[in-house]
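We did not get these values from a lab; they are worked out from the coordinates using the rules stated. Small disclaimer: the values here were computed from a predicted structure and weren't measured. Note: ideal-geometry Cβ built from the backbone for every residue, glycine included; neighbour counts use all protein chains shown.
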Amino acid sequence: MTLHRVARVANVPEDRGLEVQVQGSKILLLRAGEQLRAYQAECPHAGAPLADGAVCNGRLTCPWHKAQFRIEDGGLCEPPALDSLKRYPLEVRDGDIWVGDQPLPDAHTPPSDDSRTFIIIGAGAAGTAAAAALREKGFGGRLLLIDREAEAGYDRTALSKYVIAGEMPLHDVPPLRDEEFYREQRIERLQGEVASLDAPNRTLRLTDGQSLTYDAALLATGGIPTPLTLPGADLPQVFVLRSKVHAQQILDSASAGQRVVIIGDSFIAMESASSLRQLGLNVTVLARHEVPLAKQFGDTVGKAIRARHEANGVVFHTQGNAVQIEGTDKVEAVRLDNSQRLPADLVLVGVGVTPATDAFTGLAKEQDHSLRVDGGMRVADGLWAAGDIATFPLNNQHVRIEHWRLAQQQARIAAANMLGGDEHYLDVPFFWTWHFGKTYDYLGHAEAWDEVEFNGDPDDPPFIGLFGKNGVVSAAVACEMDRAMAMLAERMKQPLRWEEAWRLIRDVP
Ligand SMILES: Cc1cc2nc3c(=O)[nH]c(=O)nc-3n(C[C@H](O)[C@H](O)[C@H](O)COP(=O)(O)OP(=O)(O)OC[C@H]3O[C@@H](n4cnc5c(N)ncnc54)[C@H](O)[C@@H]3O)c2cc1C
Ligand code: FES
């Protein structure tokens, strides 16, 4: 390993990282108090330039999806990254910074002297994050990850953004962990469908009859797209989108020039509208609301997103409800209750998901079929739940939130507690969504607000908007304001006064 001179100490800013190159590798220099650190410069999640992230409270927040790392040692604090940062050797000589061209060895190998068996059901966002976290936190016993899908967990958020737009082939959808990881970490992946669970006896049964007992289990079965119950809903060109199989079905059927009616104006419906339009289809959204996404983003941003869709040729239809999908062996139109008829070659249903908890008959369920967990994500003795199936306490209410990063955060908390910890969710929910080339970020979970203010124009990004209640920021929405949002992701963990938030946004370098 050779050391290379890369910068002067004085060049490294106080409030952000500095990216340098060593032998073609990008390295990030950061100040850790009086000392300096060198880490990989690209986020281990999806490769964001970490020099564009925010440094605050001893953490580095990724500019894209807000993974967080400890500045002191690069340790992973918050997903969606599932790895810590690789650290490089660094020396300071006469005010010059010298960095090694090879990362320091990662000493992390799981112990194997534990006779317990932990089972995770569902290998999606939450399940895979939990498996990784259990090993990271030192679990040495048998670890079984069960999913009905054959292949390892993957990034399903790419399906509605890039895959059905024809921009990313299905085989390029990133796996959350590669095969080598499962082998090295002794995580046994089992393809199977859980049919029932006997929580008091810590036993579960698969549809093939296999029975498995556990010392601790995590339920992470996610959501099932809510189907249409209309005449014609079983025609072969009526689709939902949750998995790679669904994406393949859509791609097999869709081609440029066809007419698709998207029923619903959920995030997935809207992202799909954008993607199928890009694929060259004529897209009509049969929306429940005049302004889509307004419940989360407010009216101004919802209108801006609708205008963006319309400028790109998406047609919104907001009068009437679907009562029938017409066609004999092929979709011809969507008939509405006001007798209107929307001609269609295919239909995509995006009206939300139902928590996949049918197998868990012995457990108490909420009205929406979710499982209520306590602050530590615990459902019952030896049993935890995370992700889209979990209703959890947040800001003195019980809520269920369908976000990728949150599912993984909950999973990491559950993993710590399965190992005897006492962790609770103390963060700010975050998600992102993508429409015609623009990513919109949202932080918080505001159901009502008495103040909204924007910097920049939502119709012409970049912009950032804050939602406030009683002088405190309850949520933020933005497009192309990555560093400001990364800073807020850390600062909103504590009540953040309105004026202080705007000062921070103004001062972001
Ligand atoms: C197309 C799409 C785009 C999205 N985009 C975004 C986005 O941009 N940003 C964002 O924040 N969120 C996004 N989401 C939401 C996000 O993906 C979910 O909130 C997240 O995946 C929830 O994680 P989970 O682990 O609870 O469920 P999942 O990731 O759905 O994983 C559940 C797993 O459980 C398995 N399973 C279910 N039942 C059983 C059973 N009985 N036995 C065995 N296995 C079972 C399933 O096969 C699945 O692999 C998107 C969702 C979709 C579908
Ligand atoms: S690229 Fe960093 S969190 Fe996604």
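Normalised by 2.2 N^0.38 Å, with N the number of residues, the alpha-carbon radius of gyration of region 383-446 equals 1.23.
Hull surface divided by four, with the convex hull built on the Cα atoms of region 446-507: how many nm²?
On the way: hull surface 15.7 nm².
Reported value for the Cα convex hull: 3.9 nm².
From largest to smallest, what semi-axes in whole angstrom does the chain give when each is the square root of 5 times an eigenvalue of its alpha carbon gyration tensor?
Working: eigenvalues 285, 187, 97 Å².
After scaling each eigenvalue by five and taking roots: 38, 31, 22 Å.
Across region 3-100, the volume of the C-alpha convex hull divided among the residues equals 79 Å³ per residue.
For region 238-351, the convex hull spanned by the alpha carbon atoms encloses 94 Å³ per residue. With q set to 0.30 Å⁻¹, the log10 of I(q)/I(0) for region 113-168, from the Debye formula over equal scatterers at the Cα positions, is -1.15. Considering only beta bridges that DSSP places wholly inside the chain, some 70 percent are antiparallel.
Exposure proxy shown here: for Cys43, Cys56, the number of other Cβ atoms within 10 Å sets the order, fewest to most, as Cys56, Cys43.
Defining a contact as two alpha carbons under 8 Å apart and six or more residues distant in sequence, what relative contact order in percent does the chain show? It would help to have the intermediate numbers written out before the result.
Details: 1178 pairs, mean separation 65.9, N = 509.
Computed over the chain, the figure is 13 percent.
A full extension of the chain between Arg116 and His424 corresponds to an added length of 108.5 nm, given 0.36 nm per residue minus the alpha carbon distance. Placing a label point 7 Å from the Cα of Lys438 along the Cα-to-Cβ line, the residues of region 47-75 whose backbone N sits under 19 Å from it are 64-65.
Test of the criteria: in region 1-89, which GluC sites (Glu not before Pro) are in a DSSP loop and have at most 15 other Cβ atoms within 10 angstrom of their Cβ? Write out the running numbers ahead of the final one.
Working: sites: Glu14, Glu19, Glu34, Glu42, Glu72; in loops: Glu14, Glu34, Glu72.
In loop regions of region 1-89 (DSSP not H, G, I, E or B), the sparsely surrounded GluC sites (Glu not before Pro) are Glu14, Glu34, Glu72.
Short to long, the 10 Å bins of the Cα pair-distance histogram for region 352-509 hold 10, 35, 30, 19, 5, 0 percent of all pairs.
Sorting 239-248, 331-340, 131-140 by their mean Cβ neighbour count within 10 Å, with the most densely packed peptide first, gives 131-140, 239-248, 331-340.
Let me check against my output: what whole-number percent is the relative contact order of region 1-104, with C-alpha pairs under 8 Å and at least 6 apart? Once divided by the residue count of region 1-104, the mean separation gives 29 percent. The number of Lys pairs in the chain with C-alpha atoms less than 21 Å apart, excluding pairs fewer than 8 positions apart on the same chain, is 15.
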